[in-house]
Structure formats: structure tokens, C-alpha cells
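Below is one structure, written out as C-alpha cells, with a few remarks after it.
The values are calculated or read from the model by the stated rules, or taken from the named source; none is laboratory data. Owing to the predicted nature of the structure, the values given are computational and were not obtained by experimental measurement. Quick reminder, even Gly has a Cβ in these numbers, built from the backbone with ideal geometry, and neighbours come from all protein chains shown. SASA here: full protein model, heavy atoms, side chains in, ligands and nucleic acids out. Shrake-Rupley method; radii C 1.70, N 1.55, O 1.52, S 1.80 Å.
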Amino acid sequence: MTRAINFNAGPAALPLPALERAQAELLDFAGSGMSVMEHSHRGKEYEAVHREAQVLLRELLKVPDSYDVLFLQGGATQEFAQVPLNFLPAGKTADYVIAGAWGEKALSEAKACAALGGGAVRVSVSTGKGEGKEKQYTSAPADFAAAPGAAYVHITSNETIHGVQLASQPGAEFPRCEAPLVADMSSDFLWRPFDVSRFAFIYAGAQKNIGPSGVTVVVAKKDFIAQGRKDLPKIFQYRTHAENDSLYNTPPTFGIYLVRNVLAWVKEQGGLSAMEKANREKARLVYGAIDASGGFYRCPVEPQSRSAMNAVFRLRDEKLEEQFLAEAKKQRMVGLKGHRSVGGIRASLYNAVTVGNARALSSLMAEFARRNG
Ligand SMILES: *Cc1c(COP(=O)(O)O)cnc(C)c1O
């Protein structure tokens with residue numbers, strides 16, 4: 001078997017050892033004669049997996065005890081609605097910081113929830129330029145102070161489609177906000193260490209960097225969760241999931257099991273500092289090939305906002321981009337086509353993509369530019 005070199009944006013590459021472990025344990029989990037999928041979510045076998053995934057995540061991210069770690073369903077898209085349903089009370093305003101397409105989607109759902117619940121939504125900063133289909137995002141906002149008394153301020157810390165990342169430079173920290181800071185970190189999670197205590201509420205769809213689709217990870221301050229509305233159906237209240245240790249109803253057990261495998265692998269690799277070192281090197285290789293090409297490849301994103309996770313770039317015209325994709329495919333490189341809404345090329349460089357994979361892409365880019373420049 002020859003594995004593909006997978007630059008998919010999500011669902012994305014998973015670390016081979018995490019998959020091999022799942023393969024080895026598939027039919028007979030922990031000597032039980034059954035797959036982990038076939039176990040009760042209330043049995044001791046599954047419970048150990050659930051616990052281990054939580055403990056590993058807490059350890060890797062140094063999550064303070066005053067935070068809950070939840071494994072939910074519905075994807076980041078459900079969080080777009082569930083966050084304002086819980087945390088935007090009547091008469092209050094939530095501030096949204098927009099640096100790309102996912103932030104726009106979060107905003108749109110928040111507006112619908114505000115209309116239902118009597119709250120208001122405000123765009124505090126947007127880095128978008130142009131209108132409609134021509135709208136472009138090429139930089140992260142420098143500052144996102146919220147309106148005084150805001151219920152929360154929402155950021156999308158990495159814009160997966162536009163390749164724009166907040167606090168992307170080495171050593172950069174997320175700003176401290178007076179209002180509770182809520183972040184969609186779907187494509188920004190677990191690739192480097194960061195200070196969880198600056199956030200009130202973090203959510204991430206697992207399929208970018210921590211596991212398969214079907215699991216949504218939430219890391220949230222307990223006292224923030226406690227502020228949520230109490231008149232919602234129970235399933236939509238975060239407190240329900242926090243009080244029941246993410247076992248209120250049947251969780252996506254196999255997905256959480258795979259998250260456990262990925263987290264164990266991250267730990268084995270040396271944790272988040274080791275992840276960051278490799279990820280910085282991968283980003284250097286790909287952006288290096290862009291910058292060394294004398295304009296053959298163009299990254300629309302300003303250098304200080306370039307995403308280490310999703311590198312987007314364009315070639316002279318779409319025909320040449322198609323040719324590039326075809327040549328990449330011959331070398332087993334897949335997932336490089338940019339999102340349908342923006343076109344171009346996108347290389348997603350999540351944890352499971354190796355430095356060798358990024359080097360192969362960077363070499364292809366240099367060679368392709370030489371031949372076609
Ligand atoms: C992929 C992605 C989403 C959507 O995730 P779903 O799990 O499909 O709902 C939302 N936000 C960001 C930043 C993403 O990368």
C-alpha cells in the first residue's frame with residue numbers, strides 16, 4: 001500500500017500511528033472480544049477511553065482546572081448557533097471579529113439567534129475588502145477590543161479558506177480581552193501551545209487537526225458555561241454536557257476513541273512544542289517556495305497574517321493551476337485545490353502532514369516554477 005500525501009483542509013490527514021493503532025484494536029478492544037464501537041458508552045472499557053482523551057487534552061494544552069473539556073457533536077457549524085443561544089441574552093450585544101468566510105458564517109448564525117432571543121450582534125472589526133463575490137480577506141485584525149459590556153467577543157483564530165491566521169507569528173499571543181473571548185479554533189487547535197486562560201470558550205471541529213469528523217471539542221470556563229441561558233432545551237445547554245461529563249446522551253464513541261489515539265501520538269512526539277517546531281518548519285518550506293519564486297506563486301495574505309496551517313497561493317492563471325494540481329497528483333499529493341469559493345491552491349499543513357511531505361511539495365513547487373516560469 002502507498003499512502004497519499006494528503007494536504008486536505010478537512011477532513012484531513014490523520015497520523016499513521018493513530019490509524020494503525022485503531023486497525024490493531026478494531027476487532028478486539030482491550031481483550032473484550034468486541035470493537036470499541038460495540039461497547040456501551042457507559043461501560044468501563046469505553047469510559048477509560050473517554051477519560052484518557054480528556055486527560056490527554058488537559059495535559060497537552062495545560063487546561064486550567066476551572067475549565068471543562070467537552071466532546072460534542074454537530075461540528076463547528078452547530079457551535080455558530082449554540083454559542084449565541086447560550087451566551088447572548090436579551091438586551092446584550094455580542095461582538096464579532098471577521099477575517100474570513102468562517103467568521104462570516106458564525107456571524108450570520110449569531111444574527112439569527114439574536115433575532116430570536118432579543119440580543120444584538122455587532123461586527124467590531126472586519127478585514128474584508130470589496131463586496132459580494134469579490135470580497136477578499138488578506139490580513140488578520142490587529143486589535144479586537146469589544147464594546148463595553150459586550151456579552152462576548154467572537155473570533156475565528158484561523159480562517160481555513162482564506163489562509164489568514166490571528167497571532168500567527170512565533171511567540172505571538174492572543175490579546176487579552178475584557179469581554180469573554182470566544183474562539184472558533186477548528187483549524188487552529190493543537191498545533192502549538194497557547195494560553196487557554198485568555199479564552200472563555202473555545203470550540204473546534206475535530207476533523208482538521210485532532211481526529212475524524214463527528215466530534216466537536218469544547219474547552220470552556222466553568223463559570224462562563226454556568227452563565228448560559230437556562231430556558232433552552234437541555235440538549236442545547238452547555239451545562240447539560242458539562243454536568244454529565246459529555247455523556248448526557250450517546251457520544252460519538254469511535255470518533256472520541258480516535259481523538260484519544262491522536263492525542264496519545266501528539267504526546268509521544270513531544271507535545272505541542274514539538275508540534276509547533278515541525279509545523280513552523282513545514283510553513284517555512286511552503287511559504288519559502290512561494291517567496292523564492294519571483295512572483296510565479298503569489299500568496300494574497302500579508303506576511304504577518306499567513307496561516308501556518310493553511311497556505312493559500314495562486315499561479316498566473318487557472319490553466320496553470322490545473323496543470324500544477326495534475327503534476328502534484330502524479331506524485332501522490334492530494335487535497336491541494338483551493339476552496340471552491342476562492343479557487344487557487346491551498347496546502348493544509350496540519351500535524352499529521354510530515355516535514356518530509358512539506359519538503360516534497362516545496363521541491364515540486366520550485367521545479368514546476370523553473371519549467372513553467
Ligand atoms: C471546517 C471549519 C468549520 C466547519 O466545521 P464543521 O465541522 O463542518 O461544522 C468552521 N470553522 C472553521 C474555522 C473551519 O475550519
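Things to note:
- Region 208-224, subset crowded, with 24+ Cβ neighbours inside 10 Å and assigned to a loop (DSSP other than H, G, I, E, B), residue nearest to the ligand (Cβ to nearest atom): LYS208
- Boolean, ILE161 is in contact (Cβ under 8 Å) with a residue 24 or more places away in the chain, open to solvent by less than 10 Å² (accessible area, probe 1.4 Å) and in contact with a Gly (Cβ under 9 Å, 6 or more places away or on another chain): yes
- Condition met for SER186 (under 30 Å from ARG340 (Cα atoms), within 18 Å of the chain's Cα centre (by Cα), more than 11 Å from the ligand (Cβ to nearest atom) and polar (S, T, N, Q)): no
- Of the residues making up region 338-373, those that are open to solvent by 20 Å² or more (accessible area, probe 1.4 Å), among the hydroxyl-bearing types (Ser, Thr, Tyr) and assigned to a loop (DSSP other than H, G, I, E, B) are SER341, THR354.
- Counting the residues of region 195-206 that are away from the ligand (no atom under 14 Å from the Cβ) and without any contact (Cβ under 8 Å) to a residue 60 or more places away in the chain gives 4.
- Any hit, region 53-71, residues being away from the ligand (no atom under 16 Å from the Cβ), closer than 27 Å to SER307 by Cα and free of Cβ contacts under 8 Å to residues at least 40 places away in the same chain: yes
- Scanning region 140-173 for residues that are within 15 Å of the ligand (Cβ to nearest atom), more than 18 Å from VAL342 (Cβ to Cβ), in a loop (DSSP other than H, G, I, E, B) and touching a helix residue (DSSP H, G or I) at 6+ places or on another chain (Cβ under 9 Å) yields LEU166, SER168.
- Qualifying positions in region 225-247 - over 14 Å from GLN82 (Cα atoms) and either open to solvent by less than 10 Å² (accessible area, probe 1.4 Å) or not in a loop (DSSP other than H, G, I, E, B) (or both): ALA226, ALA242, GLU243, SER246
- Residue within region 92-101 that is charged (D, E, K, R) and either open to solvent by 30 Å² or more (accessible area, probe 1.4 Å) or touching an Asp or Glu at 6+ places or on another chain (Cβ under 8 Å) (or both) present: yes
- The listed residue being surrounded by 14 or more Cβ atoms within 10 Å (Cβ to Cβ) and in a helix (DSSP H, G or I), out of VAL312, VAL259, VAL301: VAL259
- Scanning region 16-40 for residues that are more than 30 Å from VAL355 (Cβ to Cβ), open to solvent by 30 Å² or more (accessible area, probe 1.4 Å) and assigned to a loop (DSSP other than H, G, I, E, B) returns LEU27, ASP28, SER32, GLY33, MET34, SER40.
- Only listed residue being within 16 Å of the ligand (Cβ to nearest atom), at pLDDT 95 or above, within 22 Å of TYR152 (Cβ to Cβ) and among the basic types (Lys, Arg), chosen from LYS92, LYS105, LYS111: LYS105
- Test: residue in region 8-15 that is within 16 Å of the ligand (Cβ to nearest atom), over 21 Å from ALA352 (Cα atoms) and of a type in the set (S, T, N, Q): no
- Restricting region 174-183 to residues that are more than 11 Å from the ligand (Cβ to nearest atom) and of a type in the set (A, V, I, L, M, F, W, C), the residue that is surrounded by the most Cβ atoms within 10 Å (Cβ to Cβ) is VAL182.
- Test: ALA94 is under 27 Å from ALA142 (Cα atoms) and in a strand (DSSP E or B): yes
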